[in-house]
Amino acid sequence: MSDSSVTREFRMELDGGAMNVIIFGKGGLPLVIIPGLRTSSLEGTSLFLSMYYHSFKKHFRTYILDVKEPVREGTTIMDMASDALSALDRLGVEEFMLFGISMGGMIAQQMAAAAPRRVKRLMLALTACRANATVTSAVGSWIEMIESGDINGFIKDYAERGYSEGYKRKHSLLLKAVSAGMKVKDTERFLALCRAILTYDGRDGLSRISCPCMIIGAEKDMVVSGEASAELADILGCGCFMYPGLSHEAYNEAKDFNDRVLGFFLESH
């Protein structure tokens, strides 16, 4: 496609599998986004994501990278970071800004630690540098529910942990409708990703990250905890903005979330 502003979605072959890749935007600055834990792959989501990040289009050439499929048992966060860097090599993206959310924030940490000269700015949102007690409780519960076949229990538990009390009261009918439509298409894939989160401890590598960093957290985050964001900021020696009263879905609840992300990546331009 000659028009660089057109949204593209495709599968890229990598060693031992393939990765879904979404590219959009006509800006000259490469921005890589690593999404969080999902119950299915990114396949078919390009229109939604290009609209969700619409404000990025004029500033960045945005690359959204999925995890490599198939996700095999024993896959680690470090493996996913290596896969993402390999995909960027194939795409010819040498230097880039990096934004990771939740599990994607864990992957992004390891990308920046493994390739510090390539990552020019790093934002980590609603994530942790290790599987702390809150992560272990949340993700461990999801594994138990999925393994026992209680998919509905998992979906309800995520909604309960993910959204603020005010949002749940105000949008109870919407959350019920969304929850009713959620599915876990590949339980083995989802379980392998959950287990990768539970075994993650990336603290040793964080000292290798040399670019400007910013953390976004949520005070009432019941998936990774607000303390996890403060811990990351302390280790990296960077700023941390904490949304008061919000939980893990702050990126959907906070109206200024994407503006805050955009502002950080545009600070030096």
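The values are calculated or read from the model by the stated rules, or taken from the named source; none is laboratory data. Model, not experiment: these values are computed from the prediction. Positions of Cβ are generated from backbone atoms using ideal geometry, with glycine treated the same way; all protein chains shown enter the neighbour counts.
In region 42-53, how many residues are surrounded by 18 or more Cβ atoms within 10 Å (Cβ to Cβ) and more than 15 Å from Arg8 (Cβ to Cβ)? Looking only at that region, the number is 0. Listed by position, the helices (runs of 4 or more DSSP H) inside region 155-269 whose residues that are among the charged types (D, E, K, R) and either under 26 Å from Ala81 (Cβ atoms) or touching an Asp or Glu at 6+ places or on another chain (Cβ under 7 Å) (or both) number at least 3 are 187-198, 226-236. Do we have Ala87 as within 20 Å of Gly202 (Cα to Cα), more than 15 Å from the chain's Cα centre (by Cα), in contact (Cβ under 8 Å) with a residue 40 or more places away in the chain and surrounded by fewer than 24 Cβ atoms within 10 Å (Cβ to Cβ) here? No: the conditions fail for Ala87. Filtering region 1-16 to residues that are in a strand (DSSP E or B), without any contact (Cβ under 8 Å) to a residue 60 or more places away in the chain and either within 22 Å of Glu267 (Cβ to Cβ) or not aromatic (Phe, Trp, Tyr) (or both) leaves Arg8, Glu9, Arg11, Glu13. Residue check: is Leu232 crowded, with 16+ Cβ neighbours inside 10 Å, out of contact with any Lys or Arg (no Cβ under 9 Å at 6 or more places or on another chain), in contact (Cβ under 8 Å) with a residue 60 or more places away in the chain and under 17 Å from Leu122 (Cα atoms)? Criteria met by Leu232. Of the candidates Gly44, Gly27, the single residue that is closer than 30 Å to Ala159 by Cβ, out of contact with any Leu (no Cβ under 7 Å at 6 or more places or on another chain) and either part of a loop (DSSP other than H, G, I, E, B) or in contact (Cβ under 8 Å) with a residue 40 or more places away in the chain (or both) is Gly44.
Scanning region 17-35 for residues that are modelled with pLDDT of 90 or more and farther than 14 Å from Phe96 by Cβ returns Gly17, Ala18, Met19, Asn20, Ile22, Phe24, Pro35. Restricting attention to region 112-134, and to residues there that are assigned to a helix (DSSP H, G or I) and within 15 Å of Ser207 (Cβ to Cβ), which single residue is nearest to the chain's Cα centre (by Cα)? For region 112-134, the residue satisfying everything is Ala112. Residue check: is Ser137 at pLDDT 90 or above, in a helix (DSSP H, G or I) and closer than 30 Å to Ser207 by Cα? Taking the combined requirement at face value, the residue satisfies it. Residues of region 84-104 include none that is aromatic (Phe, Trp, Tyr) and modelled with pLDDT under 95.
Is there any pair with a first residue in region 207-218 that is under 13 Å from Gly237 (Cβ atoms) and a second that is of a type in the set (Ser, Thr, Tyr) whose Cβ atoms are under 7 Å apart and which are 6 or more apart or on different chains, and what are they? Matching pairs, first to second residue: Ile215/Ser229.
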